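Working notes, beginning with the structure itself.
Just so it is clear, none of the values below were taken in a lab; they were calculated from the coordinates. Source: prediction; values computed, not measured. Note: ideal-geometry Cβ built from the backbone for every residue, glycine included; neighbour counts use all protein chains shown.
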């Protein structure tokens, strides 16, 4: 079974750094880190375990049935591979690549 791990999220963020596909680069345009289940289309804002919105992608706030493993500190560390990281903006979900394209487009329009 394919899974999404905390480590993979770190690698994914590093791969998208400088493109607009990470939170620090697109927050000013209203993007908020989120996840989508590609099987159901359900989206989940990235939150801390206590429900507060997280400034970056973390797995802790995902619903318990999606959590496949936890680290030694009890933090969610693995979820099904159908869960992808992206962003919510005005109620719509964007993948990292889609968000990056929109950031480039909107930045060019502002220039």
Checklist entry - From the list (i) 7.1; (ii) 6.6; (iii) 8.1, can you say which value of mean projected area of the Cα convex hull in nm² was derived from the structure given? => result (i)
Item to check | Inter-site label distance for residue 2 and residue 27 at 7 Å from Cα along Cβ, in nm | outcome: 3.0
Item to check | Two-site label geometry, residue 40 and residue 90: point separation in nm, points 7 Å out along Cα→Cβ | outcome: 2.7
Item to check | Computed [θ] at 222 nm, helices only, for the chain once each DSSP H run of length n ≥ 4 contributes -39500 (n - 2.57) | outcome: -8000 deg cm²/dmol
Next on the checklist: For region 1-26 and region 83-105, what is the centre-to-centre distance using only Cα atoms, to the nearest Å?
Outcome noted: 12
Checklist outcome for this item: Placing each pseudo-label 7 Å from Cα in the direction of the beta carbon, residue 70 and residue 49 end up separated by a distance in nanometres of 0.6
Checklist entry - Out of 101, 76, 34, any idea which swings most in a Gaussian network model of the chain, alpha carbons joined below 10 Å? => result 101
Item to check | Percentage relative contact order, the chain, counting C-alpha pairs under 8 Å, at least six apart | outcome: 32
Checklist entry - Zone of residue 10 (label point 7 Å along Cα→Cβ, backbone N under 20 Å): which residues in region 78-109? => result 78-81, 84-86
